[in-house]
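Visitor: I'd like to ask some things about the structure below.
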Amino acid sequence: MIKHCLFPAAGYGTRFLPATKSMPKEMMPIVNKPLIEYGVDEAIQAGMSSMAVVTGRGKSSLMDHFDKNYELEHQIQGTNKEPLLDDIRSLIDSAQYTFIRQREMKGLGHAILTGKELVGDNPFAVVLADDLCISEQEGVLAQMAALYRQFRCSIVAVEEVPESETHKYGVIAGEHLSDDLIRITDMVEKPEQGTAPSNLAIIGRYILTPDIFDILQDTKPGKGGEIQITDALLEQAKSGCVIAYKFKGKRFDCGSVEGYIEATNYCYQNVYLKGSKVKIDRSSTKKV
Ligand code: G1P
């Protein structure tokens, strides 16, 4: 039912400089896959088939990654390395990829508004690729899409964080509908230490109803002088139709060096070693 997934990917990734000087932060690999590929995989698993990427200057490798590379395909054809392309080939064949440039960095809310042209008047998901979500069963977006079918409201994924961390996130509060569902009545973008309305932090997975675009159009710059999706969602929540969901699974903050390393170690043990289709012969001298 939700077809579109939006990937805001115009940010500079300054915390990883110099690695991100000419490489998009969304292309940073967790073991052998770029971060954005994990997000696209999650969206496809949730039944979505239209990936809309909001890019910026210097991000053309994102476009290339989701396109064929004929030279490489030709070189690798018939070798034992060919299966290494299976996953990305399947992602390319399973969805349409569209791209739009955000010319000015005016915040996450502005990036999402920029994606309106690609998403149209439809409910859509948003994935912030530097929040890597790994779930043993259903992916986090699939869990959220099921909730959307039930509530027909915007859904934001949240997790409990220590009090000392709340200033790094959008933080929500509201009325508990069940152990893992909260009807949002309050939300604050990066509250000052000691002022957070709860310890439930928004992580980078959203399902948004399209009326959010009109709200974003009228949203004034907030925290950091940027147009914040959190502020627009608080406005939308006045209608009682924004739900927070304590998702099932693990989430790594790959926007920080510590989270990135943690994700790399976890994925190496639990994703790469378990799922690896190819035994790379490290003694081989033939380079492809
Ligand atoms: C953004 C959102 C914030 C959310 C966070 C999740 O912040 O503005 O509300 O909690 O993503 O990762 P950023 O991390 O881009 O500063």
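Visitor: Assuming Arg149 fulfils every condition listed in (1) crowded, with 17+ Cβ neighbours inside 10 Å; (2) away from the ligand (no atom under 14 Å from the Cβ) apart from one, which condition is it?
Guide: The one condition Arg149 does not meet is (1).
Visitor: What residue, among those in region 226-257 that are within 13 Å of the ligand (Cβ to nearest atom) and small (Gly, Ala, Ser), is nearest to Gln150 (Cα to Cα)?
Guide: Ala244
Visitor: Criterion first (within 11 Å of the ligand (Cβ to nearest atom), among the acidic types (Asp, Glu), open to solvent by 30 Å² or more (accessible area, probe 1.4 Å) and not in a helix (DSSP H, G or I)) does Glu159 satisfy it?
Guide: Considered against the rule, which asks whether it is within 11 Å of the ligand (Cβ to nearest atom), among the acidic types (Asp, Glu), open to solvent by 30 Å² or more (accessible area, probe 1.4 Å) and not in a helix (DSSP H, G or I), Glu159 comes out as yes.
Visitor: For region 102-134, enumerate the residues that are more than 18 Å from Ile155 (Cα to Cα) and of a type in the set (S, T, N, Q).
Guide: Matches in region 102-134: Gln102, Thr114.
Visitor: List the pairs whose first member sits in region 267-280 and is at pLDDT 55 or above, whose second member is outside any loop (DSSP other than H, G, I, E, B) and open to solvent by 60 Å² or more (accessible area, probe 1.4 Å), and whose Cβ atoms are under 9 Å apart, counting only residues at least 6 apart or on separate chains?
Guide: Gly275/Asp87
Visitor: Right, another one. Every residue in region 258-274 that is within 16 Å of the ligand (Cβ to nearest atom) and either at positive phi or of a type outside the set (D, E, K, R) (or both), please.
Guide: Gly259, Tyr260, Ala263
Visitor: Got a number for residues in region 65-103 being acidic (Asp, Glu) and within 16 Å of the ligand (Cβ to nearest atom)?
Guide: Looking only at that region, the number is 0.
Visitor: Let me ask something else about it. Does Tyr12 fit the bill of being assigned to a helix (DSSP H, G or I), within 18 Å of the chain's Cα centre (by Cα) and within 16 Å of the ligand (Cβ to nearest atom)?
Guide: No.
Visitor: While we're on this one: What number goes with the only condition from (1) out of contact with any helix residue (DSSP H, G or I) (no Cβ under 6 Å at 6 or more places or on another chain); (2) open to solvent by less than 40 Å² (accessible area, probe 1.4 Å); (3) under 30 Å from Asp214 (Cβ atoms) that Thr79 does not pass?
Guide: (3)
Visitor: Given the criteria crowded, with 17+ Cβ neighbours inside 10 Å and among the charged types (D, E, K, R), does Glu189 qualify?
Guide: Yes, satisfied.
Visitor: Take region 109-141 and flag every residue that is open to solvent by less than 10 Å² (accessible area, probe 1.4 Å), in a helix (DSSP H, G or I) and more than 14 Å from the ligand (Cβ to nearest atom).
Guide: Listed by number, the residues that qualify are Val119, Leu141.
Visitor: If a residue must be open to solvent by less than 40 Å² (accessible area, probe 1.4 Å) and more than 30 Å from Thr14 (Cα to Cα), how many such residues does region 82-94 contain?
Guide: Of the residues in that region, 0 qualify.
Visitor: Looking only at region 50-57, decide whether some residue is closer than 23 Å to Asp253 by Cβ, touching a residue at least 60 places away in the same chain (Cβ under 8 Å) and open to solvent by 40 Å² or more (accessible area, probe 1.4 Å). Spell out how you get there, then give the answer.
Guide: Within region 50-57, the subset closer than 23 Å to Asp253 by Cβ is 51, 53-56.
Then drop every residue that is not touching a residue at least 60 places away in the same chain (Cβ under 8 Å), which leaves 54.
The next check asks that each one be open to solvent by 40 Å² or more (accessible area, probe 1.4 Å); those that pass are none.
No.
Visitor: While we're here: When you go through (1) more than 15 Å from the ligand (Cβ to nearest atom); (2) in a strand (DSSP E or B); (3) closer than 28 Å to Glu258 by Cβ one by one for Gly174, which number turns out not to apply?
Guide: With (1) more than 15 Å from the ligand (Cβ to nearest atom); (2) in a strand (DSSP E or B); (3) closer than 28 Å to Glu258 by Cβ applied to Gly174, the lone miss is (3).
Visitor: Is there a residue being free of Cβ contacts under 8 Å to residues at least 60 places away in the same chain, within 15 Å of the ligand (Cβ to nearest atom), within 20 Å of Leu113 (Cα to Cα) and open to solvent by less than 70 Å² (accessible area, probe 1.4 Å) anywhere in region 192-214?
Guide: Yes, region 192-214 has at least one match.
The values are calculated or read from the model by the stated rules, or taken from the named source; none is laboratory data. Everything numeric here is computed off the predicted structure, so don't read it as measured data. Every residue, glycine among them, receives a Cβ derived from its backbone with ideal geometry; neighbour counts consider all protein chains shown. We work out accessible area using only protein heavy atoms, side chains counted, and drop any ligands, DNA or RNA first. Shrake-Rupley method; radii C 1.70, N 1.55, O 1.52, S 1.80 Å.
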